[in-house]
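The values are calculated or read from the model by the stated rules, or taken from the named source; none is laboratory data. In this text, all values refer to a predicted model and were calculated from it rather than measured experimentally. For neighbour counting, all protein chains shown are included, and Cβ atoms are generated from backbone atoms with ideal geometry for every residue, glycine included. Protein only, heavy atoms only, side chains kept; ligands, DNA and RNA dropped before computing areas. Shrake-Rupley method; radii C 1.70, N 1.55, O 1.52, S 1.80 Å.
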Amino acid sequence: MSPLLAQDPTLADFGRDPWWLVLGKIVFAFAFGLLATLLGVWFERRVVGYMQVRPGPNQVGPFGLLQTLADGLKMAFKEDILPKAADKVVYFFAPTISVICAVTALSVVPFGPMVSIFGHHTPLQVTDVPVAVLLLLACSSMGVYGIVLGGWASGSTYPLLGGLRSSAQMISYEVAMGLSIVAVFMTAGTMSTSGIVAAQGDATRLTIFGTEIPAPGWYAILLLPSFVIFFIATVGETNRAPFDLPEAESELVAGFMTEYSSLKFALFMLSEYVAMVTMSAVTTTLFLGGWRAPWPITLWEGANSGWWPMLWFFGKVIALVFVFVWLRGTLPRLRYDQFMRLGWKVLLPINLVWILVLSGLRSIEDWDSRGKVIAVGIPAGILLLVTIFWPSRKPKTTPTTQEQVDNRPYGSFPLPPMDLQVPPSPRITRVVAEREPANIVAGSDSREV
C-alpha cells in the first residue's frame, strides 16, 4: 500500500494493541476532553466578547489563555457549601455522572486513520464496536441523570424544576436525534463509527441521463435534513443556549446548579463543555466525513495520510464549537412551551417524513431510469398540485379598539379612558372645606411679655 493513501481501520484492527498503547489512547482521549474544555471556555468568552464589541479575557496569560485555569483554581479554593436538606450521597455523585458520560463517548470517536506508533500499526481511536453509535446515544442519554439527580438531591425548589426540565428536554430531543442517525445507518450500512467515516470517503456517483457525475460523500450534504435536525437536537441535548432551560438564570436562578459550589459546580460546568465538544466530534464523525480532509485540500494526495487527518478533525470540531458559541451570542432563550413544541411538532414529523422519503429512494435504486422518473415524478407532481390548490386560510379581521372593549367579559380589570381624561373616583367622596382665617382676640388679662 502506498504511504500516501489513508488506510481506514476496520473492526478487526481493534483489540490487538499492547496495554501501554491502549492506556495511552485512553489518556489522550481524556486529555483531549479536558483541554478542549479549558480552551472552550476561553474561546467562548473571546468570541462572544468580539460579537458584543468588548475585549473578553485578555489579562491573565497571552491573549487571556490562562484565565480559565485561574478561574478553575479559584473555584477549587472556594468554600464547599452543603445544603441542610440535601441528600448527601446523591448530591456528591451527581456531577461526576455527567462528566463520566460525556468523556466516555469519546472512546468510540475516530480521531484519524491507521498510523504507526513506536512500530505498532494502530488506528487513532480508543475502540470501536459494531453498534458504536448506540453507545454514543446511550452516553448522551445517561448524562441527563447527573442533572436530574443533582436537582433532586439539592432539596430546593429551583434545582428540582431545572432537573425536571432537563428530563423532559432529553425525552423530546433524543427521539429526533435517534431518527436522524437512522438515515446515516441506511446510507452507510453500518453502525460502526469507523465504518461510517469510511463510507463517506468515496464520492457518491450520480447517473443523470446516462452521465455519471461525482457528488460529495459527506452525509451533511447528502442527508441535509438529517444533519440540520441532528445538530438542533445536539444543542438541545447539551442544554446550550437558546435551549438552556434547565439553567435559565432569568427564571430559575441557576437551575439545577443553584445549590452547588466549589469543585462540584466546576464539574457541572466541565460536563457541559465536554458534552459540547463531544457532540461536535460526533457530528463531525457522522456527517462531516470524520478525519478526512475537506475539498480542496483533498487535491493533495497526502492529505489523508499519517497524522494530518487529526488536524482536519480538530478543525471541524472547532468550527462546530464556534457555531454553538454563535448561537449563544445571537439567539434569545426560548420559552419552555416553544421549546417542547419545536421538538414534538416540528422536528419529529419532518424527520419521520424524511426517513419515509429516503426509504423510498433507497428501494428504487435498482430500477431503470424510466421507472425512477415515474416513481419520483408522480408523487412530486401530486405534492406540487396539493401545495398549489390547498385552500388558504381567510385572514382574520382585526376588531377595533372599541369592539375589543365592548367584548371584554364581566369583571375584567378596569381600563383607563380612551381619551386620557381620568374621571373622579366613584368610591371616594371628597369634601372640600373652605377654612376661614382664625381671628384671636386678646383677653383683658393678656399682657405683653
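Structural remarks
- The residue list W42, W19 contains one member that is more than 23 Å from C139 (Cβ to Cβ), surrounded by 12 or more Cβ atoms within 10 Å (Cβ to Cβ), of a type in the set (F, W, Y) and modelled with pLDDT of 85 or more, which is W42.
- Scanning the range 218-243 for residues that are modelled with pLDDT of 80 or more and not in a helix (DSSP H, G or I) returns W218, L223, T238, R240, P242, F243.
- Scanning the range 376-400 for residues that are open to solvent by 90 Å² or more (accessible area, probe 1.4 Å) and aliphatic (A, V, I, L, M) returns I378, I382, L383, L384, L385, I388.
- Some residue of the range 134-149 being over 18 Å from A275 (Cβ atoms) and hydrophobic (A, V, I, L, M, F, W, C): no
- In the range 286-323, residue farthest from F111 (Cα to Cα) [restricted to those that are among the aliphatic types (A, V, I, L, M) and more than 19 Å from the chain's Cα centre (by Cα)]: L299
- In the range 98-111, the count of residues that are modelled with pLDDT of 85 or more, open to solvent by 40 Å² or more (accessible area, probe 1.4 Å) and at negative phi is one or more.
- S369, sole failed condition from (1) more than 30 Å from V182 (Cα to Cα); (2) modelled with pLDDT under 80; (3) among the hydroxyl-bearing types (S, T, Y): (1)
- Failed condition for V48, given (1) in contact with a Phe, Trp or Tyr (Cβ under 6 Å, 6 or more places away or on another chain); (2) farther than 18 Å from F268 by Cβ: (1)
- Checking V373 against (1) assigned to a helix (DSSP H, G or I); (2) within 30 Å of the chain's Cα centre (by Cα); (3) surrounded by 10 or more Cβ atoms within 10 Å (Cβ to Cβ); (4) not aromatic (F, W, Y), the condition it does not meet: (2)
- Hey, G33 in contact (Cβ under 8 Å) with a residue 24 or more places away in the chain, of a type in the set (G, A, S) and open to solvent by less than 60 Å² (accessible area, probe 1.4 Å) or not: yes
- E247 falls short on exactly one of the conditions (1) open to solvent by less than 50 Å² (accessible area, probe 1.4 Å); (2) in a helix (DSSP H, G or I), and that condition is (2).
- Residue check for P130: more than 17 Å from T234 (Cα to Cα) and surrounded by 23 or more Cβ atoms within 10 Å (Cβ to Cβ): no
- For P409: the one exception among (1) without any contact (Cβ under 8 Å) to a residue 40 or more places away in the chain; (2) closer than 30 Å to E247 by Cα; (3) surrounded by fewer than 10 Cβ atoms within 10 Å (Cβ to Cβ): (2)
- A Cβ distance below 7 Å, combined with a sequence gap of six or more or placement on separate chains, defines the contacts here; from the range 254-279, residues that are of a type in the set (F, W, Y) reach residues that are not in a helix (DSSP H, G or I) in the pairs F256/P246; F268/Y260.
- Some residue of the range 160-181 being modelled with pLDDT of 85 or more, open to solvent by less than 10 Å² (accessible area, probe 1.4 Å), farther than 30 Å from V253 by Cβ and not in a strand (DSSP E or B): yes
- Among residues of the range 288-309 being outside any loop (DSSP other than H, G, I, E, B) and surrounded by 16 or more Cβ atoms within 10 Å (Cβ to Cβ), the one that is modelled with the lowest pLDDT is W308.
- Scope the range 312-356; condition open to solvent by 50 Å² or more (accessible area, probe 1.4 Å), at pLDDT below 90 and under 30 Å from A293 (Cβ atoms); matching residues: R328, T330
- Residue check, M269 of a type in the set (A, V, I, L, M, F, W, C), surrounded by fewer than 21 Cβ atoms within 10 Å (Cβ to Cβ) and closer than 30 Å to D80 by Cα: yes
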